Amino acid sequence: MTKKVFQRILYGGDYNPNQWPEEVWSEDMRIFKEAAINSATINVFSWAKIQPSEEEYNFTELDKIIELLSKENYDIVLATSTAALPAWMFKKYPEVGRTDFEGRHHKFGQRHNACPNSLVYQKYASRLAGKLAERYGLNPHVKCWHINNEYGGECFCETCEKAFRVWLKERYGTIEAVNKAWNLEFWGHTVYEWDEIVLPNALSEGIDYENTAFAGISIDYRRFNSDSMLNNFKMEREAIRNFDQETPITTNLMGTYKLLDYFKWAKEMDIVSWDNYPSYNTPTSYSAMCHDLMRGLKDGQSFMLMEQTPSQQNWQPYNSLKRPGKMRAQSYQAIAHGADTVQFFQLRRSIGACEKFHGAVIEHVGTENTRVFREVAELGKELTTLGDSLLEAVSTNKVGIVFDWENYWGVEYTSGPNKDLKYVDQIHHYYEYFYKKNIPVDMISVDSDFSKYDLVVAPVLYMIKEQLAERLSEYVKNGGHMITTFMSGIVNESDNVYLGGYPGPLREMAGIWVEEIDALAPEQTNTIAFETGEEYECQLLCDIIHTEGAEVVAHYASDFYSDTPVITKNEFGKGTVWYNGTHVEAEGLKQFLDLVVSERSLTPIVEQAEGLEITKRMKNDKEFIFVLNNNKEIYDIPKKLVGKKNILTGKMITEKDTLAQFDVMIIE
């Protein structure tokens, strides 16, 4: 982290005064003050206004906005405006636009519309970032730089194709290595010259956007695309650093967004920020998992909640209002899992275009006399009371769940055995158990230090990259404990199968051999039975397993592989490897994981708190316990917390206190 850090919880969000006449700005300041808003993210989509033509720059309006916010003592998150190109650039340099998967070259419009490998785009984006930093970088109110906005999408143009070949030369060195990595003997696809390689879109290897004839090239193109956009981020970052060496630099991520390898991105960011937009039916455990993933990207460093809506989205199929209290509870959930900011999109609702119905602190009525504003103001006052007490507080946990973007791509590009296998769903299936038990976890990468954890959970670890199996083996041999599952240890980083039997390089440590993988259609199920007699339904995939030293914990109870193992436990060195060969229903997974948790003596933060979300952060030997009720039921306060002070109210907790839906307590 660089020298400048936040001195208070940033509370505010995306502010677009450039969309409004100046007389509205002062009214905004008055209203925002009523909500204790102290920060604003500005200049996110202002490129066309700042640079109306190729050689002309006009900072007059932005100067006024920054002067106003500085005078009002706002913490400013200053964006670089490079997420949407001005029309003149498309007109003069049409090659700056993207070409989609279908091979169609796009005209001016939308956002995220720049080819990441366009030298024209790079020239002007870098120049703009530098000019902004030169002009505003020494302003003490600028607390964070926000590069671009929600990087995403892909480009399949000829410029990217040529850049892809250069990227491949750097990765593989020789054309022979490429042929081997992609197994191009298959279907006679061997190439002899670099310019025979074409990018994998609908005109070549792409079957459709999510399916490919050659996973090797398609996974590499995902790596290349992620690297290309990351290079754009680094380019703007360096342009800023020429004038401002201290202010933290970020860009807003999007949780489990598929196309970018966020662990790789986080290494280049001073602080992680992300946008949290759950739908009306998103499980709270999923939101918690995403927060933990964002915290895990930089090995436990606190993060920024850059965007959430005060009430409703506009872009989901069903944009329900957030019920009273829900926004506050979601905000504290983010803080509980590591956020040091609470920011909204947007502070004032747009008058037109596709986001005019996206929720805002100031609605179209233009006053503070709304339910949403009253809730925003209530939260703002509470956050002001908290001051800096929670800033940079950390979480120290004993369970790590592995998340890997390249594995994500590999799993979902695989042709077979079951199209319904979704990587994030499998990760959440395991995360949800620990969430409900109030056993906090870290979301970790394949490069993390496993020795920090009593238990490492690696569901569907399909792709075992170089040295990963060795590192996992050493972890377990030295006393670590690991859970893995079906579709693990199958392929290397080029999607070529490890020969010698599944789960490949994990076979010895798991003490099993998987002979076949049965795929079950949605209407099909199987049954598993624990050795203690309990039976549960399973579906999706069923590994047909032979033990090679492992103990059988559960077996199949139906079909032709009835009585064969499905859940096993293997002592390996000083540690243990557990293997689950199917997708078992939640109650069956609970019985399995209860067994593991009991053996490892992993305990909840607070006992007897079923139904509540409880997590904690630590700072200067102080422990902050967060208690949230996300359910409709009213819960009693866990006995362990009676007699403690709720720092949100300043009152002592009594046995008579209860938690209704969306209630929150923070106990020091």
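Below are the figures for this structure:
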| item | result |
| --- | --- |
| Looking only at region 322-369, and only at residues there that are among the hydrophobic types (A, V, I, L, M, F, W, C) and free of Cβ contacts under 8 Å to residues at least 40 places away in the same chain, the one that is surrounded by the fewest Cβ atoms within 10 Å (Cβ to Cβ) | 353 |
| Enumeration of residues in region 550-582 that are among the basic types (Lys, Arg), in contact with an Asp or Glu (Cβ under 8 Å, 6 or more places away or on another chain) and in a loop (DSSP other than H, G, I, E, B) | none |
| Boolean, residue 163 is assigned to a helix (DSSP H, G or I) and in contact with an Asp or Glu (Cβ under 6 Å, 6 or more places away or on another chain) | no |
| Selection from region 489-511 of residues that are within 20 Å of residue 573 (Cα to Cα) and part of a loop (DSSP other than H, G, I, E, B) | 489, 503, 511 |
| Identity of the residue in region 572-598, more than 20 Å from residue 461 (Cα to Cα) and among the charged types (D, E, K, R), that ends up nearest to the chain's Cα centre (by Cα) | 590 |
| Matching residues, region 113-140, being surrounded by fewer than 18 Cβ atoms within 10 Å (Cβ to Cβ) and closer than 30 Å to residue 9 by Cα | 131, 134, 135, 138, 139, 140 |
| Any chance residue 28 is in contact with a strand residue (DSSP E or B) (Cβ under 6 Å, 6 or more places away or on another chain) and within 29 Å of residue 373 (Cβ to Cβ) | no |
| Residue in region 197-219 that is modelled with pLDDT of 95 or more, within 20 Å of the chain's Cα centre (by Cα) and not assigned by TED's automatic domain parsing to the domain that holds residue 421 present | yes |
| Options 48, 40; residue that is small (Gly, Ala, Ser) and either surrounded by fewer than 21 Cβ atoms within 10 Å (Cβ to Cβ) or part of a helix (DSSP H, G or I) (or both) | 48 |
| Lone qualifier among 592, 662, 626 - being surrounded by 15 or more Cβ atoms within 10 Å (Cβ to Cβ) and assigned to a loop (DSSP other than H, G, I, E, B) | 662 |
| Count of residues meeting criterion [surrounded by fewer than 22 Cβ atoms within 10 Å (Cβ to Cβ) and either over 26 Å from the mean Cα position of the chain (by Cα) or free of Cβ contacts under 8 Å to residues at least 12 places away in the same chain (or both)] in region 66-85 | 6 |
| Residue that is farthest from residue 158 (Cα to Cα) [pool: residues in region 95-143 that are small (Gly, Ala, Ser) and assigned to a loop (DSSP other than H, G, I, E, B)] | 137 |
| Single match in 576, 485 (criterion: at pLDDT 95 or above, under 26 Å from residue 594 (Cβ atoms), in contact with a Pro (Cβ under 7 Å, 6 or more places away or on another chain) and not acidic (Asp, Glu)) | 485 |
| Residue count for region 512-549, restricted to those that are touching a Phe, Trp or Tyr at 6+ places or on another chain (Cβ under 7 Å), of a type in the set (A, V, I, L, M, F, W, C) and in a loop (DSSP other than H, G, I, E, B) | 0 |
| In region 402-422, the residues that are of a type in the set (Asp, Glu), surrounded by fewer than 24 Cβ atoms within 10 Å (Cβ to Cβ) and within 16 Å of residue 223 (Cβ to Cβ) | 406, 412 |
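This table checks each residue for (1) outside any loop (DSSP other than H, G, I, E, B); (2) assigned by TED's automatic domain parsing to the domain that holds residue 459.
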| residue | (1), (2) |
| --- | --- |
| 354 | no, no |
| 358 | no, no |
| 367 | no, no |
| 379 | yes, no |
| 383 | yes, no |
| 406 | yes, yes |
| 410 | yes, yes |
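The rows are residues; the columns are (1) closer than 28 Å to residue 104 by Cα; (2) surrounded by 15 or more Cβ atoms within 10 Å (Cβ to Cβ).
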{"position": "181", "(1), (2)": "no, yes"}
{"position": "195", "(1), (2)": "yes, no"}
{"position": "202", "(1), (2)": "yes, yes"}
{"position": "220", "(1), (2)": "yes, yes"}
{"position": "224", "(1), (2)": "yes, yes"}
{"position": "266", "(1), (2)": "no, yes"}
{"position": "272", "(1), (2)": "no, yes"}
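The values are calculated or read from the model by the stated rules, or taken from the named source; none is laboratory data. These numbers come from a predicted model, not from an experiment. Cβ sites come from the backbone with ideal geometry, for glycine too, and all protein chains shown count toward neighbours.
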